[in-house]
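The values are calculated or read from the model by the stated rules, or taken from the named source; none is laboratory data. Note that the coordinates shown come from a computational prediction; the quantities given were computed from them, not determined experimentally. Here the Cβ positions follow ideal geometry from the backbone for every residue, glycine too, while neighbour counts run over all protein chains shown. Remember, those area values only see protein heavy atoms, side chains included, never the ligands or the DNA or RNA. Shrake-Rupley method; radii C 1.70, N 1.55, O 1.52, S 1.80 Å.
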Amino acid sequence: MDLTVKIKRYNPETDTEPHWETYSVEADPMDSALSVLNHIKWNMDGTLTFRKSCAHGICGSDAMQINGENKLACSILVQDLVGSKGGTISYAPLPAAPVIKDLVIDQDSFFEKYRAVMPWLVNHTPPPERERLQSPEQHAIIEDATKCIMCGACTHSCPSTWAAPDYLGPAAMLKAYRYTFDSRDQGTEERLEVVDSKEGLWKCYTIFNCVQACPKGIDITRWLSALKRKSVTMRY
Ligand code: FES
């Protein structure tokens, strides 16, 4: 099929602002949106810049805005974007982040917020001889949240992020949920001090954009609501 591919390009060395460039590409309906970008880079324009690694929806590095929605380029097929007869696909960087070049955004602030919620197990008791045990029932409480691959599609789909750059965002707070509700963790108070704040949980207005954008189908809003309830229970 014939595709018209529009890519939002930006080179900080030569451009004062981003602009759209258009490419005509022949593709198979079963090609991924990432394959289309690879084809352009390898055969048409080697200066095109984007992140990717695993190409299998695991590393989270190729989240971008495709036809106006935040998606992993490797995890969406051309036919799911334009049908089987061809059409137009647009690619832009994730919104609400500084662009380094073309589709590559600066993720420093995203990972700073991630680190702020202490995304690790806090446990002050001496480690047992083998692992710290957890029952299947205890694990079920956090299992959905453990599927997060930190691609940033959720955080960059959230109107609260667009309006308030300091907002922690759904990805970081989902990680806070994942550890706070882990039966082996003892860092609840410390972690809630970070998320129960002006730039934390209470800027989540349950808009559900994050749930729609998550390529792993995580029920993010549900888990953030559980974290809100936990923080209220701890306070009063
Ligand atoms: S390239 Fe790794 S998730 Fe898409």
Check on ILE66, touching a residue at least 12 places away in the same chain (Cβ under 8 Å), more than 15 Å from the ligand (Cβ to nearest atom), of a type outside the set (Ser, Thr, Tyr) and open to solvent by less than 30 Å² (accessible area, probe 1.4 Å): no
Residue ID - nearest to VAL122 (Cα to Cα), chosen from residues in segment 204-219 that are open to solvent by less than 50 Å² (accessible area, probe 1.4 Å), touching an Asp or Glu at 6+ places or on another chain (Cβ under 9 Å) and outside any loop (DSSP other than H, G, I, E, B): VAL211
Flag if LEU77 is over 16 Å from the mean Cα position of the chain (by Cα), within 16 Å of the ligand (Cβ to nearest atom) and either open to solvent by less than 50 Å² (accessible area, probe 1.4 Å) or in contact (Cβ under 8 Å) with a residue 24 or more places away in the chain (or both): yes
Segment 176-198 - residue that is charged (D, E, K, R), within 24 Å of the chain's Cα centre (by Cα) and crowded, with 18+ Cβ neighbours inside 10 Å and, of those, farthest from CYS148 (Cα to Cα): ASP196
Near pairs, Cβ below 7 angstrom, 6+ apart or cross-chain, from segment 12-24 (farther than 15 Å from THR49 by Cα) to any residue that is open to solvent by 100 Å² or more (accessible area, probe 1.4 Å) and at pLDDT 95 or above: SER24/ASP2
Filter result (among the small types (Gly, Ala, Ser) and either part of a loop (DSSP other than H, G, I, E, B) or out of contact with any helix residue (DSSP H, G or I) (no Cβ under 6 Å at 6 or more places or on another chain) (or both)) within segment 144-165: GLY152, ALA153, ALA163, ALA164
Test: residue in segment 1-17 that is within 14 Å of the ligand (Cβ to nearest atom) and either part of a loop (DSSP other than H, G, I, E, B) or crowded, with 17+ Cβ neighbours inside 10 Å (or both): no
Residue check for LYS101: farther than 28 Å from SER160 by Cβ and away from the ligand (no atom under 16 Å from the Cβ): no
Options PRO170, PRO119, PRO126, PRO159: the member that is touching a Lys or Arg at 6+ places or on another chain (Cβ under 7 Å) and away from the ligand (no atom under 16 Å from the Cβ): PRO119
Filtered residues of segment 18-39 (kept if more than 23 Å from GLN107 (Cα to Cα) and within 16 Å of the ligand (Cβ to nearest atom)): ASP31, SER32, SER35, VAL36, HIS39
